[in-house]
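The values are calculated or read from the model by the stated rules, or taken from the named source; none is laboratory data. Predicted, not measured: the structure shown is a model, and the values here were computed from it. Methodologically, a virtual Cβ is constructed for each residue, glycine included, from the backbone with ideal geometry; neighbour enumeration extends over all protein chains shown. Keep in mind that these areas ignore ligands, DNA and RNA; they rest on the heavy atoms of the full protein, side chains included. Shrake-Rupley method; radii C 1.70, N 1.55, O 1.52, S 1.80 Å.
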Amino acid sequence: MFSLLTLMLGTNPAWAGTNLVVNPGFESADSTGFPTCWEKSGWGNGTVAYSRTTAAHSGKYAMSVKVTGVTTGDDKVLMTENATCAPAVTPKHQYDLGVWYTSTTPNTVVTAFRHDITAGWVYWTDLETLPPAKAYQHTTVRTPAIPPNTDRITWGVTVYGTGTLVTDDYTMADVTVPSTGGGCTAGAACTTGSWQVLPFLNPVRSMHAIVLHNGKVLLMAGSGNDPMKLAAGTFSSAVYDPATSTFTQIATPTDMFCSGHVQLPDGRVLIMSGTKSYPAADGSHGYEGLISSYIFDPATQIYTRVNDMNDGHWYPSATEMGDGDVMTFGGLKTDSSGSVTAERFSTAKQQWLPRNQVNQTWSYFGLYPSMVLMQDGRLFYTGSHVFGNGTSGTGASIYDYNANTIKDVPGLQSKDTRDQSMSVMLPPAQDQRVMIMGGGNIYSNVDAGRQTDLIDLKAASPAYQPGPLLPQGTMSNGAKETGNQGKMYVSTVLLPNGQVFETGGGLHNRQDPVFEASMYDPTANTFTSMATDPIPRAYHSASFLLPDGRVMSVGDNPGDGSFNMHVSIYTPPYLYHGARPKITAVANTMWSYGSSQRITTDSPIVRAELIRPAAVTHSSDPNQRFVDLPLTVNGGGSVNLNVPSNPNLAPPGYYMLFTVNANGVPSVAQWVHLM
């Protein structure tokens, strides 16, 4: 989305240019005494006093917002939402927003709304949390690129806690100049990227892939879908180092095949359940889930057992909450029946809580139900799952742990053909939009579909809406898909340029691989076909982002029981479009919520973000997210990154920090620890 832009780090401060704010110093007022072109806004139970004060930074007046007794909600003054007062903007451009302020509370944030020419005024994003200041302080924050269909924005400083905020001398200036271009000479790779099949084989059947905070990748097989290995107690996993292209075999204590996994706040990996038993030959039982759970430490490369879960959970969900705890649902118990027990792993106690200490709705969400954390702390069950039909009702729902309620969400198309579809929170997480792609049904074995659906979780009543159809691929026999044919076993990967790469898949249950890959642009709402992995990637495959901005793909387990051990690496088009920016210094790698973090780069950038490292299996990684970091540009290569204050947007743990230049080229990631 930045191919036409470049932002120079050494430009003059925004307030030296054309100021787009009307009545920036509150000097003029209407007949009631309230500043012209400004309006009161807020919600909740607090008591707020707005006043035009003479404690100004310059001129005669400033604006005071005093909030008392608030436990929920916020208050603010914003530029009035009309064509006279709200600054006009240009899509794809970026703007520096400046304000002088004093504040007695740390609970303040620069907030922006945008006017969509179709949908009207909508919340856009929080840009920067402001520290308390007794004397006037100045801040400047750079917006993300203005989204399409946006003609105006309004912004101000929100107070969401008890205290007094005084603001004055607002500024807003366009800081966009034309790009220099990427100068790509790589032919088709300039637009579609390229694949490389590595010249060595994977030593383990990698059903599970977890990117560790040291840049290495934990690849787990357990018994690898082989009952004989379970009977023999032969379990495997390995750590792959992309820097040296080497594998280290890891002693694996139990059958972690079909387990769940998630990174904990301290960077270790929590692994839950796995395979207790394969189906009995006499039909007396089906797959059975373990109750055991382990933590893998990247530093020692050792699995350590923690206390057992309350139920077996073969194919469980695994979602980190904003407080660092982990919730899991679904899967099969030790007796092959579906588990209706919700489980919570307490990071404070480093153990699974007893069943009676966890809120229970006794609901069955199926196998690997995709449970995405929302910004208000609730969980969205997207409808993506494994094996057979969706849940009863609409097939998607919102689960409120604290209220202990489940509410159906309407609009999901073909809910019973979402088996091994994939769901992803679209970039940035602040937008709270989720997409579900493809899917099939291994029992009816219908053709997998092309459908996608989109939902805005910020809406008052969230509902899925149809998205664009997936591009169609080519079958192994060279035939092109037709009609509604699409794919299940979908992999999606969030990329540093804000786009979503989807790859792999098959038309039917463990057969008929589909060779297709595409790039989804969340801004344009379009898919563009990309180069295709030459290796089939269907059941038990996974694709994930590496810290160098490339994508790694492993696995494929056809119905004949074989397993493809080849490893493929995808180089996205952005790595062919000129030099990469480099993060030359990170002042502090331990980040706190609502903080401002200084980095230095060797060249101009237009974007920075945090991307959570992958923990993917069976087309499921509900923790995958891209968190935008609004910029405060200091000049001389120094940039301050404004970290969201809400841990539900970025649950605690290690993240890959990427910067991106005007040509859409990302840096190599630096690891930071958000706590």
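Contact map, the range 343-356: residues that are open to solvent by 70 Å² or more (accessible area, probe 1.4 Å) paired with residues that are charged (D, E, K, R), Cβ distance under 9 Å, separation 6+ or inter-chain. Pairs shown: A348/D323; A348/D325; R355/D311; R355/E343. Answer with yes or no whether Q420 is open to solvent by less than 50 Å² (accessible area, probe 1.4 Å) and touching a strand residue (DSSP E or B) at 6+ places or on another chain (Cβ under 8 Å). The answer is yes for Q420.
Look through A188, A173 and report the one residue that is hydrophobic (A, V, I, L, M, F, W, C) and touching a helix residue (DSSP H, G or I) at 6+ places or on another chain (Cβ under 7 Å).
Details: A188 fails: touching a helix residue (DSSP H, G or I) at 6+ places or on another chain (Cβ under 7 Å).
Being hydrophobic (A, V, I, L, M, F, W, C) and touching a helix residue (DSSP H, G or I) at 6+ places or on another chain (Cβ under 7 Å) holds for just one of A188, A173, which is A173.
Against the condition in contact with a Lys or Arg (Cβ under 6 Å, 6 or more places away or on another chain), more than 19 Å from R205 (Cβ to Cβ) and open to solvent by less than 10 Å² (accessible area, probe 1.4 Å), how does G267 come out, does it pass? Talk me through it step by step, then tell me what you get.
Numbers: in contact with a Lys or Arg (Cβ under 6 Å, 6 or more places away or on another chain): no; more than 19 Å from R205 (Cβ to Cβ): yes; open to solvent by less than 10 Å² (accessible area, probe 1.4 Å): yes.
No; evaluated as a whole, the condition is false for this residue.
The set of residues in the range 575-591 being open to solvent by 60 Å² or more (accessible area, probe 1.4 Å) and farther than 12 Å from D602 by Cα consists of Y576, A587, N588, T589, M590.
Scanning the range 634-652 for residues that are touching a strand residue (DSSP E or B) at 6+ places or on another chain (Cβ under 8 Å), surrounded by fewer than 24 Cβ atoms within 10 Å (Cβ to Cβ) and either without any contact (Cβ under 8 Å) to a residue 12 or more places away in the chain or assigned to a strand (DSSP E or B) (or both) yields N634, S638, V639, N640, L641.
When restricted to residues that are open to solvent by 30 Å² or more (accessible area, probe 1.4 Å) and within 22 Å of the chain's Cα centre (by Cα), the range 551-570 contains 0. The set of residues from the range 497-516 being in a strand (DSSP E or B) and of a type outside the set (D, E, K, R) comprises V500, F501, T503, G506, L507, H508, Q511, P513, F515. Which of the residues that make up the range 111-136 are more than 19 Å from T176 (Cβ to Cβ), open to solvent by less than 10 Å² (accessible area, probe 1.4 Å) and touching a Pro at 6+ places or on another chain (Cβ under 9 Å)? Once the filter is applied, which keeps residues that are more than 19 Å from T176 (Cβ to Cβ), open to solvent by less than 10 Å² (accessible area, probe 1.4 Å) and touching a Pro at 6+ places or on another chain (Cβ under 9 Å), the range 111-136 yields only L130. Among the numbered conditions (1) farther than 16 Å from F544 by Cβ; (2) among the polar types (S, T, N, Q); (3) open to solvent by 60 Å² or more (accessible area, probe 1.4 Å); (4) not in a strand (DSSP E or B), the only one that Q249 does not meet is (4).
The range 335-435 holds strands (runs of 3 or more DSSP E) entirely within its bounds, and those carrying 1 or more residues that are of a type in the set (A, V, I, L, M, F, W, C) and more than 26 Å from T452 (Cα to Cα) map to 343-346. Taking the condition of a type outside the set (S, T, N, Q), at pLDDT below 95 and either open to solvent by less than 40 Å² (accessible area, probe 1.4 Å) or touching a Cys at 6+ places or on another chain (Cβ under 8 Å) (or both), does G69 pass? Answer is no for this residue.
Is the range 199-210 home to any residue that is farther than 30 Å from D533 by Cα, outside any loop (DSSP other than H, G, I, E, B) and over 23 Å from the mean Cα position of the chain (by Cα)? Working first, answer last.
Taking the range 199-210 and keeping what is farther than 30 Å from D533 by Cα, we get none.
Within the range 199-210, not a single residue is farther than 30 Å from D533 by Cα, outside any loop (DSSP other than H, G, I, E, B) and over 23 Å from the mean Cα position of the chain (by Cα).
Could you tell me whether any residue of the range 283-291 is hydroxyl-bearing (S, T, Y) and either in contact with a Leu (Cβ under 7 Å, 6 or more places away or on another chain) or open to solvent by less than 10 Å² (accessible area, probe 1.4 Å) (or both)? Yes: the range 283-291 contains one or more residues that are hydroxyl-bearing (S, T, Y) and either in contact with a Leu (Cβ under 7 Å, 6 or more places away or on another chain) or open to solvent by less than 10 Å² (accessible area, probe 1.4 Å) (or both).
Just one of the listed residues (K76, K134) is in contact (Cβ under 8 Å) with a residue 60 or more places away in the chain, among the basic types (K, R) and under 23 Å from A49 (Cα atoms), namely K76. In the range 507-535, the residues that are closer than 17 Å to T482 by Cβ reach residues that are acidic (D, E) and part of a strand (DSSP E or B) with C-beta atoms within less than 9 angstrom, at least six apart or across chains, in these pairs: E516/E502. For the range 88-106, the set of residues classified as surrounded by 21 or more Cβ atoms within 10 Å (Cβ to Cβ) and either touching a Gly at 6+ places or on another chain (Cβ under 6 Å) or farther than 14 Å from T140 by Cα (or both) consists of V89, S103, listed by residue number. May I ask you to list the residues in the range 186-235 that are more than 24 Å from T503 (Cβ to Cβ) and open to solvent by less than 10 Å² (accessible area, probe 1.4 Å)? Those that are more than 24 Å from T503 (Cβ to Cβ) and open to solvent by less than 10 Å² (accessible area, probe 1.4 Å): G222, S223.
Table: residues versus (1) over 24 Å from T104 (Cα atoms); (2) surrounded by fewer than 19 Cβ atoms within 10 Å (Cβ to Cβ).
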residue: G25; (1), (2): no, no
residue: A29; (1), (2): yes, yes
residue: T36; (1), (2): yes, yes
residue: G42; (1), (2): no, no
residue: N45; (1), (2): no, yes
residue: A55; (1), (2): no, yes
residue: G59; (1), (2): no, yes
residue: M79; (1), (2): no, no
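Can you name every residue in the range 274-303 that is in a strand (DSSP E or B) and of a type in the set (D, E)?
Matches in the range 274-303: E288, D297.
Do the conditions hold for G267, that is, is it out of contact with any Phe, Trp or Tyr (no Cβ under 6 Å at 6 or more places or on another chain), outside any strand (DSSP E or B) and at pLDDT 95 or above? So G267 does not fit the description; no.
The requirement of being of a type outside the set (V, I, T) and either out of contact with any strand residue (DSSP E or B) (no Cβ under 9 Å at 6 or more places or on another chain) or open to solvent by less than 10 Å² (accessible area, probe 1.4 Å) (or both) is not satisfied by L412.
Just wondering, is there one or more residues in the range 505-514 that are among the basic types (K, R), modelled with pLDDT of 95 or more and either surrounded by fewer than 24 Cβ atoms within 10 Å (Cβ to Cβ) or over 20 Å from Y443 (Cα atoms) (or both)?
Within the range 505-514, one or more residues are among the basic types (K, R), modelled with pLDDT of 95 or more and either surrounded by fewer than 24 Cβ atoms within 10 Å (Cβ to Cβ) or over 20 Å from Y443 (Cα atoms) (or both).
R625 meets all of the listed conditions (1) among the basic types (K, R); (2) open to solvent by 10 Å² or more (accessible area, probe 1.4 Å); (3) in contact (Cβ under 8 Å) with a residue 60 or more places away in the chain but one, namely (2). No other residue among D548, D533 is of a type in the set (D, E), in a loop (DSSP other than H, G, I, E, B) and within 21 Å of the chain's Cα centre (by Cα) apart from D548. When G594 is tested against (1) part of a loop (DSSP other than H, G, I, E, B); (2) open to solvent by 20 Å² or more (accessible area, probe 1.4 Å); (3) more than 22 Å from L426 (Cβ to Cβ), exactly one condition is not met: (2).
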